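Everything on this sheet refers to the single structure shown next.
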Amino acid sequence: MTTTADQWNTPPAPTGFSRRRVLGWGGATALVAGTGLLGYRAYDTAVLGPGGGRAHAPWREWRDLPGPRGAVAAAILAASPHNTQPWEFAVTDRSIDVFTDPLRHTGSVDPFGRERYAGMGCALENLVLGCPPRGLSPTVTLLPDGPAGRRIAHVELSVAAPRTDPLYEAIDRRHTNRGPYAPSPVPPAALAALGDPAPPEGLSLHWIADPAPRAELGGLLVDAAAALVADEGQSLDNFAWFRPDDAAEQRHRDGLVLDGQGFGPVQLAVAKLLPPSSRAAGDRFWVDATRDVHTATAAAYGVITTSTPDDRRVQLDAGRLVQRIHLRATAAGIALHHMNQITERIDREAAAAVPATFAPRFAALLPAGARPCSPSGSVIRSATAVRRHVARSRW
């Protein structure tokens, strides 16, 4: 991070550039053969043409956009909590201002906004990676208006010789993988290579790979998922971001979709033909998958910690680090799944001023004095498990 002073007295207002709007609107899905409700459901959920329409155009078109607009096109493909995409950008030929949209949040799931700011850091990292291939050199100033301001970064741009980066090449292949995985382990050296040689100031990355603590953390993740869905407020706020069919996906261009839930091809097609699941059914599916799939064969968990988890600057730096880790994993053929439910329960209990049940259990698994940032954990699996999901689920 470069701490140069902001050169603009009054930053330009955000122009609404986002994954939802930056590349336009339009597109249609062809009607498939069929009769009655089943035929409509096949059309409605895009069974035969997943990943199409304008909602998915950014993945197809981002490399072709030049200059600052192209850097923003890279930024909007970043990870974000529940695929909320809580960002906006103000773009000139000399600078890009990055704003957070406080209305795009997950409510009681993220009561202090930690995950939202980590997601903003993910977008900022992609933006920085998207500049050099377009002949731009970025200089980043974090929080130029202070921690309470909507503008989370000012990026000054200067002309430079074009160059690329392996992480840039992985941007459109990065996704959250929620499906079943092969049991082969990930070598410790491969895990270590996913982090930064020198992590950002105030942040540490810890890998939990030994069988006993790994199993204990897996059990804590399952317990946190069960507690989250049992909490009516958190369950409702989770479900609000689910997009049950292609029409909703194309209309909102955000949120959680069936294609990102880790189904196999046949299971996914069947799920799309059935009526939309209820909130209760979706909650049960998530808890079952957390227990039987996500944690059952995890090779390791990665946890980013800090002594100052409430610092917005630290949250942004943590998000940038998360994005780099995920891009390195993608480039190395390693699948990764962000799992946030432990810190979501920790923050929920703190916001409600109720006795802490998850914080002490999590702290017991971490180095002394370390406190987790959001997102709290990343499940690392073997390369053979990777499946392509254009729309991601929960980061």
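Structure notes:
- The listed peptides 97-108, 308-319, 196-207, ordered by packing as a protection proxy, come out as 308-319, 97-108, 196-207 (highest mean of other Cβ atoms within 10 Å first).
- Surface accessible to a 1.4 Å probe, Phe358 within the full protein complex, Å²: 20
- Area accessible to solvent at Arg69, 1.4 Å probe radius, in Å²: 100
- Heavy atoms of Tyr117: accessible area, 1.4 Å probe, square angstrom to 10: 10
- Residues whose placed amide H lies under 5 Å from that of Phe242, excluding near-sequence neighbours: Leu256
- Whole-Hz ³J(HN,Hα) from phi, Karplus 6.51 cos²θ - 1.76 cosθ + 1.60, for segment 64-78, glycine and proline x: 8, 7, x, x, x, 5, x, 5, 5, 4, 6, 4, 6, 8, 6
- Over all other residues within a Cβ to Cβ distance under 9 Å of Thr100, the charged ones net out to +2, with Lys and Arg as +1 and Asp and Glu as -1.
The values are calculated or read from the model by the stated rules, or taken from the named source; none is laboratory data. Computed from a prediction, not measured in an experiment: that's the story for all the values here. Note that each Cβ is placed from the backbone with ideal geometry, even for glycine, and that neighbours are counted across all protein chains shown. For accessibility, only protein heavy atoms count, side chains too; no ligands or nucleic acids. Shrake-Rupley method; radii C 1.70, N 1.55, O 1.52, S 1.80 Å.
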